[in-house]
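Just below is one structure, and these are the notes that go with it.
The values are calculated or read from the model by the stated rules, or taken from the named source; none is laboratory data. These numbers were taken from a predicted model, which means no experiment stands behind them. Cβ coordinates were reconstructed from backbone atoms using ideal geometry, including for glycine residues, and neighbour counts include every protein chain displayed. Protein only, heavy atoms only, side chains kept; ligands, DNA and RNA dropped before computing areas. Shrake-Rupley method; radii C 1.70, N 1.55, O 1.52, S 1.80 Å.
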Amino acid sequence: MDADHLSQRLATVASYVPQGARLADIGTDHAYLPVNLAKRGIITSGVAGEVVPGPFKNAAHEIKKENLDERIIARLANGLQAIEPTDKIDTVAIAGMGGSLITQILTQDFDRLTGVQRLILQPNVGEANVRQFLMTHGFQLVTEEIVSEDGHDYEILVADRQANPTQYGQEDLHFGPYLLAAHSAIFIAKWQRELARTEAVLQQVATANEVPVAKVAELQAKISEIKEVLQRVGA
Ligand code: SAM
């Protein structure tokens, strides 16, 4: 992968950045996302935020190599602290981290999101945390995608600022309202694998000398929920 050839996962994130956006890519690593979007004339300006010095240097190098210093600025900063009010950022992307870390980053400096209209988030795991964050912080999910790449499934959640976002129940938070409605082959395969994995864990836990009752109940509830959803979508 490089800035001219994004992975399908990052290309999907890129596809939801509006034309003319002022983008902050938090946890940018090589800055492939903002560089790709600037080269294609999609973003007006960008901030490439990185907390680790090595990747930050990679990002700065990539931006310089492409002569994009005037349009993209690399900042060594923790999470949203990479965003300054003068950047007038309206779109934030955070991709390739766990859902808990994404949620932590967004919560920690929430005031830095003033002026941000769109969030494009790609948690590697813990997607329900991210949906919960969005609906409790004035962001409405507008679409979701699931892509499969190198043996992993990745969910991409797109949300726009809205005063009264839909309050989703547990099922929508776990499975994703748009992903559930679309129930693509990738979605079904993901949850069939998750069902098999959870059943295997339950079997192991249930044969322990001291059976952890609460854990067993939790796993059983999860299995029922997945089975019910898979049955409903005809899988
Ligand atoms: N966003 C790129 C992508 O999706 O391909 C890179 C993903 S990489 C797996 C995660 C990056 O996030 C790493 O470079 C890591 O250093 C950075 N990161 C982790 N926590 C961060 C934080 N609190 N603030 C900024 N960057 C962070």
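Residues that are more than 15 Å from Ala159 (Cβ to Cβ) and open to solvent by 30 Å² or more (accessible area, probe 1.4 Å) were ranked within the stretch 98-114; the one that is nearest to the ligand (Cβ to nearest atom) is Leu101. Beta carbons closer than 8 Å, at least 6 apart along the sequence or on distinct chains, pair a first residue in the stretch 1-12 that is under 7 Å from Tyr32 (Cβ atoms) and within 11 Å of the ligand (Cβ to nearest atom) with a second that is open to solvent by 90 Å² or more (accessible area, probe 1.4 Å) and of a type outside the set (D, E, K, R) for Leu10/Met1. Contact annotation: residue pairs with Cβ atoms under 7 Å, 6 or more positions apart or on different chains, pairing a residue in the stretch 179-194 that is surrounded by 17 or more Cβ atoms within 10 Å (Cβ to Cβ) with a partner that is assigned to a helix (DSSP H, G or I) and of a type in the set (Phe, Trp, Tyr), are Leu179/Phe187. Of the residues making up the stretch 3-21, those that are modelled with pLDDT of 95 or more, open to solvent by less than 20 Å² (accessible area, probe 1.4 Å) and farther than 17 Å from Glu149 by Cβ number 2. When you look at Ala159, is it within 11 Å of the ligand (Cβ to nearest atom) and crowded, with 19+ Cβ neighbours inside 10 Å, yes or no? So Ala159 does not fit the description; no. Residues in the stretch 202-235 that are of a type in the set (Val, Ile, Thr) and surrounded by 14 or more Cβ atoms within 10 Å (Cβ to Cβ): Val205, Val216, Ile223, Ile226, Val229, Val233. Look at (1) more than 19 Å from the chain's Cα centre (by Cα); (2) within 22 Å of Val158 (Cα to Cα); (3) surrounded by fewer than 16 Cβ atoms within 10 Å (Cβ to Cβ) and you find that Ser45 fails only one, number (3).
Restricting the stretch 22-34 to residues that are touching a strand residue (DSSP E or B) at 6+ places or on another chain (Cβ under 6 Å) and on the phi < 0 side of the Ramachandran plot, the residue that is most open to solvent (accessible area, probe 1.4 Å) is Arg22.
The criterion of at least 2 residues that are at pLDDT below 95 is met by the following helices (runs of 4 or more DSSP H) wholly inside the stretch 149-235: 185-206, 213-232. Of the residues screened, Asp87 is not one that is among the acidic types (Asp, Glu), within 11 Å of the ligand (Cβ to nearest atom), in contact with a strand residue (DSSP E or B) (Cβ under 8 Å, 6 or more places away or on another chain) and at pLDDT 95 or above.
Which ones in the stretch 60-82 are away from the ligand (no atom under 11 Å from the Cβ) and among the aliphatic types (A, V, I, L, M)? Ala60, Ile63, Leu68, Ile72, Ile73, Ala74, listed by residue number. Pairing residues of the stretch 206-232 that are over 21 Å from Ser184 (Cβ atoms) with residues that are small (Gly, Ala, Ser), at Cβ distances under 8 Å and at least 6 apart in sequence or on separate chains, gives Val216/Ala206. Tallying residues that are outside any loop (DSSP other than H, G, I, E, B) and near the ligand (Cβ under 9 Å from one of its atoms) within the stretch 17-52 yields 6. Restricting the first member to the stretch 71-86 and to residues that are under 18 Å from Ala38 (Cα atoms), and the second to residues that are more than 11 Å from the ligand (Cβ to nearest atom) and of a type in the set (Asp, Glu), the beta-carbon pairs closer than 8 Å and six or more apart or on different chains are Ile73/Asp87. Taken over the stretch 78-89, the criterion of being surrounded by 18 or more Cβ atoms within 10 Å (Cβ to Cβ) and at negative phi is satisfied by Leu80, Ala82, Ile83, Asp87, Ile89.
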